[in-house]
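Report on one structure; see the data block that follows.
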Amino acid sequence: MKLTHINDNNNPMMVDVSSKDISKRVAIARGEISMSKAAFDIVINNKAKKGPVIDTAIIAAIMGAKKTSDLIPMCHPLFLSKIDCKAEFKVDEKNDLYMIVLEVEAKCESKTGVEMEALSGVSIGLLTIYDMLKAIDKSMTISNIALISKSGGKSGDYQR
């Protein structure tokens, strides 16, 4: 099997997408961060010393999606037409579970997909939450970062 990011000299390369057609591309990724009740309450009550946690995380997610090609070596720079982020709070007091779920949708018209942009956005957004709350809870866990869906392009649609 020939790897797509390795050239004939066995060196890394960025894939040539010049012959591909431009199409509308959409990707949605999601991840979560679990935390203590104390940290969760600070977020819910907007009492974090570093400022509004969710708003800051959403802005960071947007910035992370926009900077994906600067962070991941083989990603093509894309002109993103939309980045939308949503945060959802989940509580299971019976099991002492307090969680924030972050979802990022990235959209563009391009020759290559936006999966990595959506995934990068989620990762950076969740890391921002961790950074803003680490003084309260260093045991927070970031998990389940995954592509939820994608559409457009040669490989077609995907739904988890």
Would you count, across the range 1-59, every pair of lysines whose alpha carbons are under 22 angstrom apart, provided the pair is eight or more residues apart or spans two chains? 4
Rounded to whole Å, give me the distance from the Cα center of the range 87-134 to that of the range 22-64. 6 Å
For the chain, take N as its residue count and report Rg(C-alpha) divided by 2.2 N^0.38 Å. 1.18
Students often get this wrong: which residues of the range 1-37 have the backbone nitrogen under 18 Å from the point 7 angstrom along Cα-to-C-beta of LYS154? 1-8, 13-26
Calculated from DSSP helices alone, with each H run of at least 4 adding -39500 (n - 2.57) and the total divided by the residues of the chain, [θ]222 nm to the nearest 500 comes to -8500 deg cm²/dmol
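Coordinate-derived values only; no laboratory data. These numbers come from a predicted model, not from an experiment. Every residue, glycine as well, gets a Cβ built from its backbone with ideal geometry; the counts of neighbours run over all protein chains shown.
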